[in-house]
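What follows is a single structure, written as structure tokens, with notes after it.
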Amino acid sequence: MTESRGLKGVLNHPLSRRTFLKLSAVAAGSTALVGCSSSLETISQNASGDDGVKIIPTTGPNNCGGRCVIKAHVKDNVIIRLSTDDETDDPRNPQIRACVRGRSYRKYYLSPDRLKYPMKRVGKRGEGKFERISWEEAVDIIASEIKRIGQKYGPASRYVNYAWGYNALIHPMNFAKRLLALDGGFLDFYNSYSTAATSYATPYTYGTANTGNTPDDWVNSKLLILWGFNPAETIHGSQTMYRLRKAKEAGAKIIVVDPRYSDTAVGFADEWIPILPTTDNAVMDAMAYVMITENLHDQAFLDKYCLGFDEEHMPEGIPPGNSYKSYVLGLSDGIPKTPEWAEKISKVPANTIRHLAREYATNKPAALIQGWGPQRHAYGEQPVRGSTVLAAMTGNVGIHGGWASGAGNASRIRVGSVPTVENPVKAKIPCYLWTDAVVRGTEMGPQDGVQGADRLPSNVKMIINLAGNCLINQHGDINKTAQILQDESLVEFILVSDLFMSPSAKFADILLPGNSFFERNNIGTPWGFGDYVLFNNKVIDNLYESRSEYDWLVEVADKLGLKAQFTAGNETEEDWCRYIVEQTRKNHPEFPSYEEFKKRGVYKWYFDEPYVAFKAQIEDPENNPFPTPSGKIEIFSQRLYEMNNPKEIPAVPKYISSWEGPEDPLREKYPLQCIGWHYKRRSHSTHDNNPWMEEVARQEMWMNPQDAEARGIKSGDKVKVFNDRGTTILPVLVTPRIMPGVVAIPQGGWFEPNEKGEDVRGSINVLTSLKPTPLAKGNAQHTNLVEVIKL
């Protein structure tokens, strides 16, 4: 698409904000409070009407848990409107409808604010001052810097940053890794900003993170406990709200445990139990105490399937007093974990804890489903393992309507992928510690989470950041991170590809204009739940001089003499799409041909019954042991015990008083706990600059009326939120939907400092810490103490 024709076409077919908001309410079910419902007009796939409008199925790549059907109505290479899934609902695999964000893709991705051509930096890093260059010059510089830095500092000095702003199977970040691996290697990472603690800790109990039943099994539950789980906004699979609604209709009671009365709680909760952040394990321990002392636990299940619940079922050679039961009853430390003990810590009333424990223990089958917020705390591994113990104590593992808890991953389909290339550099770092690798990489070893090496051979000297905002905005302690990147003696070359001049883009040395999903072919799958895969059809030509990352990476590979190995015969993204379909057909012979899949835009699998994690282990344990060292559910982990760090990495899950938690003396200076959450108007930081989303929900901090009154603050006031790391300024919503002592700022607001260095967009990461969790070395970005004053 040319700039003049394409952009004029877009702007000449506007959709009013009022119409957009009305359609969004229909598509998202009034901000998904009761799930996605209603339907828009029926349209034919890939159909062309008499008016010359062609309807092309595609899907969005935002890094939310959903992956929805988007139908682009295109005329003369211009998208004139969007619609979504209008197929008849089937309970086995219902509609995959777009939420409010998906409905606004046209406004966002076709914005005149898009980056238009390659640029190189002319000001200081972070100033956002660039000059236009040609694609040829950009490719030459990139190839030259890859070679120069690799030769001068070694391949481990080159790092591809965590970046999921474009989430699809043909992934820019992974292709950058592929190129560097072919050129001698790079420093890789493990973990994610989303699930570091739960993905790392759950296998210590079960041997795997695949511990969830598929959500179509929730209709078999008598009780659902949603512990920090807010799919109404986070979208853990585009069909998740449908599954919750069906469970509710089938009679399931739903209890939400969360510091906030979330949108999910509004739509579904029979009970809301507010809890102070970082205190989840205190409540879990007290629930276990009630179950034990009232004989509500499933002792037969624990005896048969578990290791370490009581002293009679411990590994050989472990001193007495190390079982979970001994800890809960206070036999090991002299502190019984009573509901009264937990109430003082968590502010959850003791009687509420007793009630919750009895509900979970006596309403079988029941599912305790954790969101990912509780594990993004200082000791995030502990609530993960704590939930798995409660699931075992109630015998809710391996049965219909139950849930093994922990990570809760569940998948029964195998979609193909782009093959990886072996990386000659074996060292890996936790993704959250990349700033440490810049400053003190050669000092980092296993104690810092380094894998594959005793020490890193080099500090990071080059960063490639493609389609992501973790270079600045989504990383912790923005001010410190910015100072690190501004020092050009540390990182010598930063390459960024983006759609907009994002906070991360401002720190680029070379800044490239990416194209949107409307302008490329790809294949999408949900990272949450869902038995489906979607084809991302290219529907218009590239806007301006934008290009896909793979397109120019092929040219860089050619400059490095690696084109043949890099492409493996796949010159375009569509070639890779064909490859992925071929691989998928090997796993699923029923999968359609490439041409049929591309035309249809979506393929759904239909199963007659839900998948149940660990069903085989429970029904036939002798022939199907758990994939742990003992073959059992390891409530006590000898692997953790042998790490010899019981205060921070205990062998059984425990409540650990958190830094910057409710018991930290720092509360005298900063008395409020500050958490973030995934907001209905954004997918992480994507859409923050979308004007329609500002009308859906403004960027504002939630504060309880008690805390507001003590500070003379009213709804709508602008407030300053600060701690020793930084300051942000934003409006406040005074609401009883958040418990006293806690404030919440929606994560993803774009960092925008004023002349004093104070952020004025409500970017929560000016307040967050770079300190990781002790075991996974994951991000603890919800653990923060702050003060709030009225401006």
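Worth a mention:
- Of all residues in region 327-345, those satisfying the criterion of being part of a helix (DSSP H, G or I) and surrounded by fewer than 18 Cβ atoms within 10 Å (Cβ to Cβ) are Glu340, Lys344.
- Looking at Lys654, Lys615, Lys632, Lys647, just one residue is open to solvent by 50 Å² or more (accessible area, probe 1.4 Å) and under 16 Å from Cys306 (Cβ atoms), and that residue is Lys632.
- Of all residues in region 89-119 being open to solvent by 60 Å² or more (accessible area, probe 1.4 Å) and basic (Lys, Arg), the one that is farthest from Phe517 (Cα to Cα): Arg92
- Scanning region 493-520 for residues that are more than 20 Å from Leu553 (Cα to Cα) and either hydrophobic (A, V, I, L, M, F, W, C) or surrounded by fewer than 21 Cβ atoms within 10 Å (Cβ to Cβ) (or both) yields Met501, Phe507.
- The single condition among (1) charged (D, E, K, R); (2) touching a Ser or Thr at 6+ places or on another chain (Cβ under 9 Å); (3) closer than 30 Å to Met241 by Cβ that Lys116 does not satisfy is (3).
- Within region 93-126, the set of residues being modelled with pLDDT under 95, out of contact with any strand residue (DSSP E or B) (no Cβ under 7 Å at 6 or more places or on another chain), assigned to a loop (DSSP other than H, G, I, E, B) and not small (Gly, Ala, Ser) comprises Pro94, Gln95, Cys99.
- Checklist (1) among the hydroxyl-bearing types (Ser, Thr, Tyr); (2) in a loop (DSSP other than H, G, I, E, B); (3) touching a strand residue (DSSP E or B) at 6+ places or on another chain (Cβ under 6 Å) applied to Ser387, failing item: (2)
- Annotation: of all residues in region 293-326 being free of Cβ contacts under 8 Å to residues at least 60 places away in the same chain and open to solvent by less than 20 Å² (accessible area, probe 1.4 Å), the one that is farthest from Asn363 (Cα to Cα) is Ser326.
- Count of residues meeting criterion [under 24 Å from Ser502 (Cβ atoms) and open to solvent by less than 60 Å² (accessible area, probe 1.4 Å)] in region 121-148: 15
- Filtering region 407-441 to residues that are in a helix (DSSP H, G or I), within 30 Å of Phe626 (Cα to Cα) and more than 22 Å from the chain's Cα centre (by Cα) leaves nothing.
- Helices (runs of 4 or more DSSP H) wholly inside region 171-262 that include at least 1 residues being under 24 Å from Pro419 (Cβ atoms): 172-182, 196-206
- The single residue among Glu695, Glu755 that is surrounded by fewer than 18 Cβ atoms within 10 Å (Cβ to Cβ) and modelled with pLDDT under 95 turns out to be Glu695.
- Count - residues of region 541-577 that are part of a helix (DSSP H, G or I), basic (Lys, Arg) and within 24 Å of Asn77 (Cα to Cα): 0
Residue-wise test of (1) more than 29 Å from the chain's Cα centre (by Cα); (2) farther than 30 Å from Ser769 by Cβ; (3) surrounded by 24 or more Cβ atoms within 10 Å (Cβ to Cβ).
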{"site": "Lys347", "(1), (2), (3)": "no, no, no"}
{"site": "Lys364", "(1), (2), (3)": "yes, yes, no"}
{"site": "Ala367", "(1), (2), (3)": "no, yes, yes"}
{"site": "Trp372", "(1), (2), (3)": "no, no, yes"}
{"site": "Glu381", "(1), (2), (3)": "no, no, yes"}
{"site": "Arg385", "(1), (2), (3)": "no, no, yes"}
{"site": "Val389", "(1), (2), (3)": "no, no, yes"}
{"site": "His400", "(1), (2), (3)": "no, yes, no"}
{"site": "Ser405", "(1), (2), (3)": "no, no, yes"}
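- Test: residue in region 308-315 that is touching a strand residue (DSSP E or B) at 6+ places or on another chain (Cβ under 7 Å) and closer than 17 Å to Lys654 by Cβ: yes
- Checking each residue in region 263-276 for being crowded, with 19+ Cβ neighbours inside 10 Å and part of a helix (DSSP H, G or I) picks out Asp263, Thr264, Ala265, Gly267, Phe268.
- Enumeration of residues in region 209-226 that are open to solvent by 30 Å² or more (accessible area, probe 1.4 Å) and of a type outside the set (D, E, K, R): Asn210, Val219, Asn220
- Only a single criterion out of (1) in contact with a strand residue (DSSP E or B) (Cβ under 7 Å, 6 or more places away or on another chain); (2) surrounded by fewer than 17 Cβ atoms within 10 Å (Cβ to Cβ) is not satisfied by Gly601, namely (2).
- Any hit, region 170-187, residues being open to solvent by less than 10 Å² (accessible area, probe 1.4 Å), at positive phi and touching a residue at least 60 places away in the same chain (Cβ under 8 Å): yes
- Within region 629-659, the residues that satisfy the criterion of being under 18 Å from Leu390 (Cβ atoms) and either at pLDDT below 95 or of a type outside the set (A, V, I, L, M, F, W, C) (or both) are Lys632, Glu634, Ser637, Pro650, Pro653, Lys654, Tyr655.
- Restricting attention to region 698-723 and to residues that are touching a residue at least 40 places away in the same chain (Cβ under 8 Å) and either of a type in the set (Lys, Arg) or open to solvent by 40 Å² or more (accessible area, probe 1.4 Å) (or both), the residue that is farthest from Ala482 (Cα to Cα) turns out to be Gly712.
- If you go through region 528-550 and pick out every residue that is open to solvent by 30 Å² or more (accessible area, probe 1.4 Å) and of a type in the set (Asp, Glu), you end up with 2.
- Pairs, first free of Cβ contacts under 8 Å to residues at least 40 places away in the same chain in region 586-609, second in a loop (DSSP other than H, G, I, E, B) and aliphatic (A, V, I, L, M), C-beta under 9 Å, six or more apart: Phe591/Val415
- Residue list for region 408-427, filter: open to solvent by 10 Å² or more (accessible area, probe 1.4 Å), within 18 Å of Tyr206 (Cα to Cα) and not polar (S, T, N, Q): Ala410
- With respect to (1) assigned to a helix (DSSP H, G or I); (2) polar (S, T, N, Q); (3) over 23 Å from Tyr204 (Cα atoms), the lone exception for Ser489 is condition (1).
- Filtered by the rule that a residue be touching a Phe, Trp or Tyr at 6+ places or on another chain (Cβ under 8 Å), surrounded by 24 or more Cβ atoms within 10 Å (Cβ to Cβ) and under 27 Å from Val743 (Cα atoms), region 241-262 gives Val256, Val257, Asp258, Ser262.
- Pair list, Cβ under 8 Å, 6 or more apart: region 124-145 residue of a type in the set (S, T, N, Q), other residue in a loop (DSSP other than H, G, I, E, B): Ser134/Pro118
- Residue count for region 277-292 satisfying the condition of being under 21 Å from Asn363 (Cβ atoms) and either open to solvent by less than 40 Å² (accessible area, probe 1.4 Å) or of a type in the set (Gly, Ala, Ser) (or both): 10.
The values are calculated or read from the model by the stated rules, or taken from the named source; none is laboratory data. In this text, all values refer to a predicted model and were calculated from it rather than measured experimentally. No Cβ is skipped: glycine too gets one built from the backbone with ideal geometry, and neighbour counts run over all protein chains shown. Quick note on the areas: whole protein, heavy atoms, side chains included, nothing else; ligands and nucleic acids left out. Shrake-Rupley method; radii C 1.70, N 1.55, O 1.52, S 1.80 Å.
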